[in-house]
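Worksheet for the structure shown next.
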Amino acid sequence: MKVAILGATGSIGGSALALAEAFPEYIEITALTCGRQVERLAGYVTKFRPGLVAVGGEAERDRLRGLLKDLGSPAPEILCGEAGQVAAAVESGAETVLSAIVGGAAMAPTFAAVGRGLRVALANKESLVMGGELVMPLARQTGAEIIPVDSEHSAIFQALGGQLNSQGLRRIILTASGGPFRGFTGKQLESVSREQALAHPRWSMGAKISCDSATMMNKGLEIIEAHHLFGLDYDRLDVLVHPQSIVHSIVEYLDGSQVAQLGPTDMRLPIAYAFSYPERWPLAEADRPGLAGLGPLDLAEVKFQGYTGHLTFERPDYETFPALNLARAAGRQGGMAPAVLTGANEAAVNMFLEGKIEFSAIVRIVEKVLEGSPVRPVEDIVGAIEAEREARRLAERFAGEMYKTS
Ligand code: NAD
Ligand code: MG
């Protein structure tokens, strides 16, 4: 299978390339992209030899050319900018596109791949949050298969027997680890550091999604993601905190029966399933490079915070983590509101990661941007991207005002 990996130098990208290393008989890499980390990309290009590569800008393109020359590696075609990411998605001959760029920047290439009717293994959730009202109908029109990679949505897809159709369903229960600040009070959240926010207890992920897990905005975005993927109303999408992250999500049928998917806490599984669907590759059996640390799950041996063999569940703390209800409300409102939500959040998270604002300001800024943005329908992808960018600018302005007066 010919695969294009967008966001190859990230956490998801690295897991996908580990699979490409493990299963060369199944995966052929036709395109690799990244934003700025061209050193890492140069190594991957040398190893996997894609015909097409795209990077953030011209400076990155020139640096990559130099690096490949130094490595003695034949240079593929190297493109840059958003147009380059789009071309990598649709012009490399790939049948499957892994969308693993972080944030709103994934919107244009993801949309392009769906427009071409390709299989889209969708890790990036922001594009679905921003443009779900457009992307899902487009996929039905072009025949594109959108297969979720986000572990919860992959779990739901699997619990539904490998489909997005939710007939006969009563509820979807998204499980959440609760993040590094589970059990904290609002007061305690005021003094947490960047390092604490990035130290996820169960998953190893990129900085933005780690921070989103700490505010629980990640689960908020996932509620909207599930609404679009599975076509369920917001009052049928619930969240259950499950700190061990072994039960990846649950579906509940009209008769009250619940079906869950369980697995190791490792993104190689949902990525592989999005590639291999409807088949399954032997990740738990094969002794191959790229599969280190994977094996069958032994529930009796699950270790977490001093306990062995325990799986626990609790209700989310909606008061301490207002991002959950904020995202749900933006989803219900629909139109541009989710694009505004994700744009404001991305800007606020970046400011927090750069040390410009405190952790507890992230969600306050998002709320303020949502309040200050007009309610408009989402008409096209350009409009959704514009709304997201405008929300980022507004978030930066509000942050500036907040920190000037305090
Ligand atoms: P990451 O920060 O580790 O990697 C992001 C990738 O995107 C990098 O390759 C980076 O170079 C690239 N990128 C950033 N800005 C870009 C731009 N403007 N143009 C082109 N490329 C750009 O992120 P990650 O943790 O791998 O997450 C990627 C996506 O997958 C996110 O949307 C995240 O929500 C989603 N996701 C991740 C995980 C996980 O376990 N990491 C789980 C579920 C969903
Ligand atoms: Mg997830």
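Each value in this text was obtained by applying a stated rule to the coordinates, not by laboratory testing. Computed from a predicted model, the values in this text were never measured in an experiment. Neighbour counts run over all protein chains shown; Cβ positions are idealised from the backbone, glycine included.
In the chain, the calculated helix contribution to ellipticity at 222 nm averages -14000 deg cm²/dmol per residue, counting -39,500 (n - 2.57) for every DSSP H run with n ≥ 4.
Please give the net charge around Leu341, taking every other residue with its beta carbon less than 11 angstrom from that of Leu341, where Lys and Arg add +1 and Asp and Glu add -1.
On the way: positive: Arg328; negative: Glu126, Glu346, Glu367, Glu388.
Here the charged neighbours net out to -3.
Placing +1 on the Cβ of every Lys and Arg and -1 on the Cβ of every Asp and Glu, with no other charges, gives segment 1-57 a dipole of roughly 160 debye about its Cα centre. Sorting 357-364, 7-14 by average packing, meaning the other beta carbons within 10 Å per residue, from highest down gives 7-14, 357-364.
Rounded, prolate or oblate: which one fits segment 168-287, using the alpha carbon gyration tensor with axes a ≥ b ≥ c (rounded when a/c is under 1.5, else prolate when a/b beats b/c, else oblate)? It is oblate, given that a/c is not under 1.5 and a/b is not larger than b/c. Under the convention that each Lys and Arg Cβ holds +1 and each Asp and Glu Cβ holds -1, the size of the dipole of segment 172-287 around its Cα centre is about 420 debye. Averaging the Cα positions of each part gives two centres, and for segment 179-219 and segment 1-29 these lie 28 Å apart.
Amide H contacts of Ala54 (H built 1.01 Å from N, in plane; Pro and chain starts excluded): Leu32, Thr33, Cys34, Leu79 sit under 5 Å, all sequence-distant by 5 or more or on other chains.
Given a 10 angstrom Cα cut-off, can you work out which residue in Glu346, Glu285, Glu396 is the most mobile in a GNM of the chain? Of the options given, Glu285 has the highest mean-square fluctuation. Phi angles across segment 180-187 convert, under the Karplus curve 6.51 cos²θ - 1.76 cosθ + 1.60 with θ = phi - 60°, into 3J(HN,Hα) values of x, 10, 4, x, 6, 9, x, 5 Hz, Gly and Pro given as x. Pick from Glu133, Glu21, Glu279 the residue whose mean-square fluctuation is largest in a GNM of the chain, springs joining Cα atoms under 10 Å. So, out of Glu133, Glu21, Glu279, the one fluctuating most is Glu279. For Gln244, nonlocal amide neighbours, meaning residues 5 or more places apart or on other chains whose placed amide H falls under 5 Å from its own, are Thr312.
Converting phi to 3J(HN,Hα) with the Karplus coefficients 6.51, -1.76 and 1.60 and the offset θ = phi - 60°, segment 61-68 yields 4, 5, 5, 4, 4, x, 4, 5 Hz in sequence order, with x at every glycine or proline. Our estimate of slack between Gln258 and Asp380, defined as 0.36 nm per intervening residue step minus the Cα-Cα distance, is 40.2 nm. What does the charge add up to near Pro201, with Lys and Arg as +1, Asp and Glu as -1, over the other residues with Cβ less than 13 Å from its Cβ? Spelling it out: positives minus negatives among the neighbours equals +3.
So which of Lys125/Lys219; Lys356/Lys404; Lys368/Lys404; Lys125/Lys187; Lys2/Lys47 end up more than 20 Å apart, counting from Cα to Cα? Violating the 20 Å limit, Cα to Cα: Lys125/Lys187.
Restricting attention to segment 252-350, which trypsin sites (Lys or Arg not before Pro) occupy a DSSP loop and are surrounded by at most 14 other Cβ atoms within 10 Å?
Hits after loop and neighbour filter: Arg280.
Counting Lys and Arg as +1 and Asp and Glu as -1 over every other residue whose Cβ lies under 11 Å from the Cβ of Pro50, the net charge comes to +1.
Charged side chains reduced to their Cβ positions (Lys and Arg at +1, Asp and Glu at -1) give the chain a dipole of some 420 debye around its Cα centre. Antiparallel versus total DSSP beta bridges in the chain: what percent is that, nearest 5? The answer is about 30 percent antiparallel. Each residue of segment 213-226 is assigned a 3J(HN,Hα), and the resulting list reads 5, 5, 7, 6, 4, 3, 5, x, 5, 5, 4, 5, 4, 5 Hz, derived from the Karplus form 6.51 cos²θ - 1.76 cosθ + 1.60 (θ = phi - 60°), x at Gly and Pro.
Would you mind pulling out the separation of the Cα centroids of segment 98-122 and segment 266-285, in Å? Cα centroid to Cα centroid, the span is 20 Å.
Here's the picture: charge each Lys and Arg Cβ at +1 and each Asp and Glu Cβ at -1 in the chain, and of Gly161, His228, Pro201 the one pushed furthest to the positive end of that dipole is Pro201. Largest mean-square fluctuation among Glu379, Glu195, Glu60, in a Gaussian network model of the chain whose springs join Cα atoms under 10 Å apart, belongs to Glu195.
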